[in-house]
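S.K.: What follows is a structure written as structure tokens; I'll ask about it next.
The values are calculated or read from the model by the stated rules, or taken from the named source; none is laboratory data. It should be emphasised that the depicted structure is a prediction, and the values quoted were computed from it without experimental measurement. Ideal geometry is used to build each Cβ from the backbone, glycine not excepted, and the neighbour counts take in all protein chains shown.
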Amino acid sequence: MHANPSDIVKLFILAAVWGASFLCIEIALRGFTPFSIAALRIVLGASALLALARLRRPLAGGAARLAAAGHRRLPEQRDPVFF
């Protein structure tokens, strides 16, 4: 399989963004706690994925409820399980 030139450009952009995130985290650690940085990254990533999913196709009833809840409790466990 041969890669298109646009695929190679996308790969380099992905590598640049991924590499820059380590630098940004190092700078952010000077003013924020690791937990707050991780929480912000998770919220931003989840928001971006949810927006992308909504643009492509609206969530069906069951999937929308699961995405809104974010977790469910299994009968044999005391603590909620996060998906």
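S.K.: Going by the conditions given, is LEU55 exposed (fewer than 11 other Cβ atoms within 10 Å of the Cβ) and either modelled with pLDDT under 85 or β-branched (Val, Ile, Thr) (or both)?
M.R.: On the way: exposed (fewer than 11 other Cβ atoms within 10 Å of the Cβ): yes; either modelled with pLDDT under 85 or β-branched (Val, Ile, Thr) (or both): yes.
Spelling it out, LEU55 is indeed exposed (fewer than 11 other Cβ atoms within 10 Å of the Cβ) and either modelled with pLDDT under 85 or β-branched (Val, Ile, Thr) (or both).
S.K.: In the range 28-51, what count of residues is obtained for those that are assigned to a helix (DSSP H, G or I) and surrounded by fewer than 10 Cβ atoms within 10 Å (Cβ to Cβ)? Write out each step before concluding.
M.R.: First, pick out the residues of the range 28-51 that are assigned to a helix (DSSP H, G or I): 28, 34-51.
Still in the list and also surrounded by fewer than 10 Cβ atoms within 10 Å (Cβ to Cβ): 35.
Of the residues in that region, 1 qualify.
S.K.: Taking GLY19 as meeting all but one of (1) more than 17 Å from the chain's Cα centre (by Cα); (2) at pLDDT 90 or above, write down the number of the exception.
M.R.: (1)
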